Amino acid sequence: MRVLIAPDKFAGTLTAVEAAEAIATGWGRHAPDDELDLCPMADGGPGFVDVLHASLGGELLAVTVRGPHGAPVPTTILVQGRAAYVESAQACGRHLAADGDAERATTYGVGELLLEAAATGVDEVVVGLGGSGTNDGGAGLLAALGATGDAPLDAGPAGLAGLSRLDLGPVRDRLGGVRLVAASDVDIPLTGLFGATKTFGEQKGIAVDRMPAVDAVLEAFAGLAGARTALEKGAGAAGGLGYALLLLGADRTPGVDVVSAAVGLAGRARSADLVVTGEGAFDFSSRSGKVPYGVAAVAGEQLRPCIALAGQVLVGSREMRALGVESGYSVVELLGEERAFGDPAGALADLAERVARSWSR
């Protein structure tokens, strides 16, 4: 039996590569004769560059940029052919912003990363969006590219309060005509009830009672930069980084589609008898550009069954099938929370071994 193993990261515990290896280890214990094809995935968030480098090869360039609270942070640019790939979470991820004021976290370093990527001479820069600890509407990114105003653009949404003048004139010339692609895992707008602040602000550390004020600041900022763009799908990705990239003329595409094409997911699914995906928490939000939904969609197109292994499964069987997944299996439910977090790789391997008893021939 041929099994394609294509999980995302298990956030906070395992990278996508480690998750794929753990699933393969457990599966192989029960079914050592099965052919296992390991295909770690990403949706634009943490791990985006590493997964693409593992599949595409290319050259990794080390670049130091300003982190969300000013400290220098190391990042990498993947250059492959005429394209460069960068990961916004490396410059402004939640792991970098956790110890500071969420309302002052900036995306300035992502702008620096874009400039460095464009300077490599490529024709296209693909920006992975996801896992950010910022909520500044991409103002910091624009500031790094030369935008100016009568309030600081590189001090998070707090800095944007009172902004009444904005000049984006120098910004579009700084990238030298390089085509931009925003590879995002969500399609929300910048502001409003379903916008960046309301949807993800709390998990980034913005107090619930501050959300209306922060959203109002971003709405005023968008009024100066381009209100119509703020309503486009993906404008709210990565706390509004999607908005800044759309202002720069970027094309938006689901990050999982970028990775799927790079790793040849469709062909590998066609050659498999079963597709196994997974992530830390498998819930209905997985439908919004997340890896399990993307992998299941490809498996369905190739008429192959898809199952999911996750830290937690938070959807019922009906919702699961709506996502294209035949069955979902939870590490926490079957092995307990203590085991799941104490030994994540071992617990996922044990779960995979149990699942193989049901699915391997």
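Kindly state, to the nearest 0.05, the FRET efficiency for residue 29 paired with residue 60, given R0 = 41 Å and r defined as their beta-carbon distance.
Here the calculated transfer efficiency is 0.75.
For residue 165 and residue 327, FRET efficiency with R0 = 51 Å and r from the beta-carbon atoms, rounded to 0.05?
Efficiency computed from Cβ-Cβ geometry: 0.35.
Please determine, in degrees from 0 to 90 and to the nearest 10, the orientation of helix 16-30 with respect to the longest principal axis defined by the Cα atoms of the chain, where the helix direction is its Cα long axis.
10
Under 18 Å from a point 7 Å along the Cα-to-Cβ line of residue 150: which residues of the range 168-197 have their amide N that close?
Taking a point 7 Å out along Cα→Cβ of residue 150, the residues of the range 168-197 whose backbone N falls under 18 Å are 168-169.
Just to be sure I understand the model, the point goes 7 Å from the Cα along the line to the Cβ. What's the resulting residue 284 to residue 343 distance in nm?
With each label placed 7 Å out from Cα toward Cβ, I get 3.6 nm.
List 15, 134 from most exposed to least, where exposure is judged by having the fewest other Cβ atoms within 10 Å.
15, 134
Sorted by average packing, counted as other Cβ atoms within 10 angstrom per residue and highest first, what order do 170-176, 271-277 take?
Per-residue mean Cβ counts within 10 Å order the peptides as 271-277, 170-176.
Spin-label point model (7 Å from Cα, Cβ direction): what's the residue 357 to residue 224 distance in nm?
It is 6.3 nm.
In what sequence, highest mean first, do 188-198, 72-82, 230-240, 145-155 appear when ranked by Cβ atoms within 10 angstrom?
Packing order, densest peptide first, comes out as 230-240, 188-198, 145-155, 72-82.
Need the full-extension length gain, residue 266 to residue 317, defined as separation in residues times 0.36 nm minus the C-alpha distance. One decimal, nm. Before the final figure, lay out each step's value.
Numbers: separation 51, 0.36 × 51 = 18.36 nm, distance 2.49 nm.
15.9 nm is the gain from fully extending residue 266 to residue 317.
We did not get these values from a lab; they are worked out from the coordinates using the rules stated. Not measured: the values here are computed from a predicted model. In this analysis, Cβ positions are derived from the backbone assuming ideal geometry, glycine residues included, and neighbour counts consider all displayed protein chains.
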